[in-house]
Amino acid sequence: MITITTKEFKQLADYIKVNYGIHLKEEKRSLITGRLHHVLISKNFRSFTEYYDYIVADKAGHAVATLIDKITTNHTFFMRETDHFYFLRDKVLPYLVGTAKDKDLRIWSAGCSSGEEPYTLAMILDEFLGKEKVWWDTKILATDISNSVLDTAQKGIYSNEGIASLPAQWKNSYFKKLNNENSVLIDMIRNEVIYRKFNLMEEVFPFKRKFHVIFCRNVMIYFDNKTKNDLVDKFYDAMEYGGYLFIGHSESLNRDATKFKYIMPAVYRKE
């Protein structure tokens, strides 16, 4: 096992923090070493210093893409934190349907991982709008910094075990059996989600129009307080008045610092 020195860990951690906002604490040192060990071996690097120099020198971005894939944990599933989706269906969508201009709903799944969250949103929208959906623009923007999870999400293939807890009507209407182990989402739902690679640490978000709903759940657990507060401010500026921000139940906003209004656990609103 190639060990990482204190200096090397700090160098790598500082690079990741500055460029991606992820705050790697000292207790993550052995975990990071283990996850990156095979990358170093495959490239014949003798130290983490050589690996760091390789990342910085790689202008194509392949090296840092692999690094991000290795250090982030992409654990998610359909209908995760179910109460958020029920609140969206029962409270948020009725409000937005009555107030959104030009029948244009703009929803962003930030940190979308392998696609379960944005596809859940797409199925909820389809069911909620029913026959009226044809008149609406309900495309969902889904972003992540990991190429590998975006590739998985775009394919729309999930294990039958992974979709077992979904409503039977959803499984029958929105999925096709691929084989004994897997099912694939129908094109109508897959086409409702636009996947893009995007770094939430961008100083200025490039979106021309503001969002009505932003889901950014279980992403900010990787950030320190300043990074989190700065990101929440950018979410606020990127959101329409009356819009909703959903974060993870293990996360919270500083109510004295944020301009968002607390609505319920892990749900905030721009008023």
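Computed quantities for the displayed model
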quantity	calculated
Close pairs from the range 255-271: first among the polar types (S, T, N, Q), partner crowded, with 16+ Cβ neighbours inside 10 Å, Cβ under 7 Å, at least 6 apart	THR258/VAL232
Subset of the range 14-32 that is more than 17 Å from LEU200 (Cα to Cα) and surrounded by 14 or more Cβ atoms within 10 Å (Cβ to Cβ) - its residue that is farthest from the chain's Cα centre (by Cα)	ARG29
Unmet criterion (only one of (1) outside any loop (DSSP other than H, G, I, E, B); (2) modelled with pLDDT under 90) for ASP83	(2)
Hits in the range 238-265 - residues which are crowded, with 17+ Cβ neighbours inside 10 Å and modelled with pLDDT of 95 or more	ALA238, MET239, GLU240, GLY243, TYR244, LEU245, PHE246, ILE247, PHE260
Among residues of the range 119-162, those that are of a type outside the set (D, E, K, R) and assigned to a loop (DSSP other than H, G, I, E, B), counted	7
Residues that are assigned to a helix (DSSP H, G or I) and surrounded by 13 or more Cβ atoms within 10 Å (Cβ to Cβ), drawn from the range 38-52	VAL39, LEU40, PHE48, THR49, GLU50, TYR51, TYR52
Total residues in the range 19-37, condition in contact (Cβ under 8 Å) with a residue 40 or more places away in the chain and part of a helix (DSSP H, G or I)	2
Filter result (closer than 20 Å to PRO94 by Cα, of a type in the set (A, V, I, L, M, F, W, C) and in contact (Cβ under 8 Å) with a residue 12 or more places away in the chain) within the range 107-143	ILE107, TRP108, LEU121, ALA122, MET123, ILE124, LEU125, PHE128, LEU129, TRP135, TRP136, ILE140
Any chance SER252 is assigned to a loop (DSSP other than H, G, I, E, B), over 23 Å from PHE128 (Cα atoms), in the same structural domain as GLU116 (by TED's automatic domain parsing) and among the hydroxyl-bearing types (Ser, Thr, Tyr)	yes
Conditions (1) within 19 Å of the chain's Cα centre (by Cα); (2) assigned to a loop (DSSP other than H, G, I, E, B); (3) surrounded by 15 or more Cβ atoms within 10 Å (Cβ to Cβ); number of the one not met by HIS212	(2)
Hits in the range 105-116 - residues which are on the phi < 0 side of the Ramachandran plot and modelled with pLDDT under 95	CYS112, SER114, GLU116
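The values are calculated or read from the model by the stated rules, or taken from the named source; none is laboratory data. Model, not experiment: these values are computed from the prediction. FYI the Cβ positions are ideal-geometry reconstructions off the backbone, even for glycines, and counts take in every protein chain you see.
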